[in-house]
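Structure first, commentary second.
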Amino acid sequence: MKLKDYLSQNSLTHEAFGKQVDVSRVQITKIINGYVFPSAKLMKRIKQATDGNVSYEDLIEDRKSTRLNS
């Protein structure tokens, strides 16, 4: 599942989710928009915070699709 979809389905703001994974709202926005790629540690925290609904593969694929469409 894409991170953007997870946040939407769970009514989470970028700011609220950023606090859960210990990064800024801006960092979450940049990840979702494909401007930055999360570190391995952050990917692990995202996977844990989403109970596995957003996997490593989702984050990698999301980045690829975002970059290809720009």
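The values are calculated or read from the model by the stated rules, or taken from the named source; none is laboratory data. Worth saying up front: this structure is predicted, and the values here are computed from it rather than measured. Positions of Cβ are generated from backbone atoms using ideal geometry, with glycine treated the same way; all protein chains shown enter the neighbour counts. Quick note on the areas: whole protein, heavy atoms, side chains included, nothing else; ligands and nucleic acids left out. Shrake-Rupley method; radii C 1.70, N 1.55, O 1.52, S 1.80 Å.
Among the residues that make up the range 32-55, is at least one of them modelled with pLDDT under 95 and touching a His at 6+ places or on another chain (Cβ under 9 Å)?
Checking the range 32-55: at least one residue is modelled with pLDDT under 95 and touching a His at 6+ places or on another chain (Cβ under 9 Å).
In the range 14-58, how many are in a loop (DSSP other than H, G, I, E, B), open to solvent by 80 Å² or more (accessible area, probe 1.4 Å) and of a type outside the set (D, E, K, R)?
2
For the range 8-19, check the following and say yes or no: at least one residue is among the aliphatic types (A, V, I, L, M) and at pLDDT below 95.
no
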